[in-house]
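Asks: Pasting a structure here, questions to come.
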């Protein structure tokens, strides 16, 4: 029961957290469970977070020429914080060469520890890595999370909007918190098509002069049961108080709202976004997937297999291979951006819309007796 409840809370909360912060949230869950079970102490927990023990001043002189004083001082504190590391300093001095190789190893988080400490649990090993190689701590934290609560908490599956839709209702706005380069419009429209609601979508990019259109879209959608998508709310901060008024009106029990109505808001983080809307709405942190694997999985999840099966009547196997090739190319180009001008990379925006256009193009050309591979190579490789 506790495990299921923990997993449910993680799933509900993590959808509103950006990818880089999810492992921190997972670590807090795992460490709080460990603290409650008394498998770790509060002093150990605080040392892992801060790398320090307040009030500690019993530092001995560093006798090792190859070790920085800062690291030696951290090891002195670790001896005092965790009983398992009593005598650690003398152990390192006695086996200096062995520990020098171990501490300087590139994959310290993956290799066996020196024999005296190899049987320690992952958390205690994390304390040692925190002291000597703090830049590798994130990998040890992932190992700790995997061991304590499971891999699902350290590597959650890609977000599916369709799974979240069951939690929505006509009076609660769905807020997409965007990172740079993210646009959930196509994802929302794909969901609408899957639910056969794509004929009743009102989409509007907010900006100067769009005040009346936005209010009209909200009010008409609420009465008719259509979906309303207000994009880039952060670009029209002066109008946001009016948006709050409209959302408060939807919450009013005296206001009649069609049960099919949904209000979607997209915005980059901004200081003037109304707090009441954030508190009452369903928040989704939306960002491009990080890592080639997550990019490919994210693209595959967006594809409606039933719709594709209806559209493709010839060369089905060839189409699937070509489609996966396009998805793989899309993921590689997105990932290569982070390397700048290194290697073969050029800054090119092969976004989700381009990928969808490529798949539609493949659908058309594969539904023929003979697939024109030269045309596919030119259109996707050169033009798209």
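Asks: Which whole-number percent gives the relative contact order of region 53-130, counting Cα pairs below 8 Å spaced six or more residues apart? Intermediate results must be reported in sequence, preceding the final value.
Replies: Working: 38 pairs, mean separation 17.3, N = 78.
Computed value for region 53-130: 22 percent relative contact order.
Asks: Percentage of Cα-Cα pair distances in region 250-310 greater than 20 Å, rounded to whole percent? Intermediate values should be presented prior to the final figure.
Replies: Numbers: 1047 of 1830 pairs.
Result: 57 percent of Cα pairs exceed 20 Å.
Asks: Could you list the residues of region 233-269 with an amide nitrogen less than 18 Å from a label point located 7 Å from the Cα of residue 216 in the Cα-to-C-beta direction?
Replies: The answer is 243, 246.
Asks: Could you give the distance between the Cα centres of region 54-79 and region 87-157, to the whole Å?
Replies: A separation of 18 Å, based on Cα centres.
Asks: From Cα pairs below 8 angstrom and at least 6 apart in sequence, can you work out the relative contact order of the chain, rounded to a whole percent?
Replies: On the way: 422 pairs, mean separation 56.1, N = 384.
Dividing the mean separation by the residue count of the chain yields 15 percent.
Asks: Would you mind calculating the relative contact order of region 96-221 from Cα pairs under 8 angstrom and at least 6 residues apart, reporting the percent as a whole number?
Replies: Value for region 96-221: 12 percent.
Asks: Mind checking the alpha-carbon convex hull of region 292-383 and giving the volume per residue in Å³? Don't skip to the answer; put the middle values down first.
Replies: Details: hull volume 8.7 nm³, N = 92.
That works out to 94 Å³ per residue.
Asks: I'd like the projected area of region 1-58, averaged over all directions, using the convex hull of its alpha carbons. Report it in nm² with one decimal.
Replies: Working: hull surface 20.7 nm².
About 5.2 nm², averaged over all directions.
Asks: Does region 2-154 come out rounded, prolate or oblate, given a ≥ b ≥ c as the square roots of the eigenvalues of its C-alpha gyration tensor, rounded meaning a/c under 1.5 and, failing that, prolate meaning a/b above b/c?
Replies: Working: a/c = 2.22, a/b = 1.92, b/c = 1.16.
Prolate is the answer for region 2-154, as a/c is 1.5 or above and a/b outweighs b/c.
Asks: Here is a follow-up. By its C-alpha gyration tensor, with a ≥ b ≥ c as the square roots of the eigenvalues, how is region 68-136 shaped: rounded for a/c under 1.5, else prolate for a/b larger than b/c, else oblate?
Replies: Working: a/c = 1.18, a/b = 1.10, b/c = 1.07.
Here region 68-136 falls in the rounded category.
Asks: With r as the distance between the Cβ atoms of residue 138 and residue 280 and R0 = 35 Å, compute the FRET efficiency 1/(1 + (r/R0)^6) and round to 0.05.
Replies: On the way: r = 34 Å, r/R0 = 0.97.
So the FRET efficiency works out to roughly 0.55.
Asks: With the Cα gyration tensor of region 161-286 giving a ≥ b ≥ c as the square roots of its eigenvalues, does the rule (a/c under 1.5 for rounded; else a/b larger than b/c for prolate; else oblate) give rounded, prolate or oblate?
Replies: On the way: a/c = 1.36, a/b = 1.09, b/c = 1.25.
Because its axes are fairly even, with a/c under 1.5, region 161-286 counts as rounded.
Asks: Calculate, for residue 170 and residue 110, the FRET efficiency according to 1/(1 + (r/R0)^6) with r their C-beta to C-beta distance and R0 56 Å; round to the nearest 0.05. Present the calculation step by step, with values, prior to reporting the outcome.
Replies: On the way: r = 50 Å, r/R0 = 0.90.
Given R0 = 56 Å and the Cβ-Cβ separation, E is 0.65.
Just so you know, all these numbers are worked out from the coordinates, no wet-lab data involved. Fair warning: this is a prediction, and the values are worked out from it, not measured in the lab. Neighbour counts run over all protein chains shown; Cβ positions are idealised from the backbone, glycine included.
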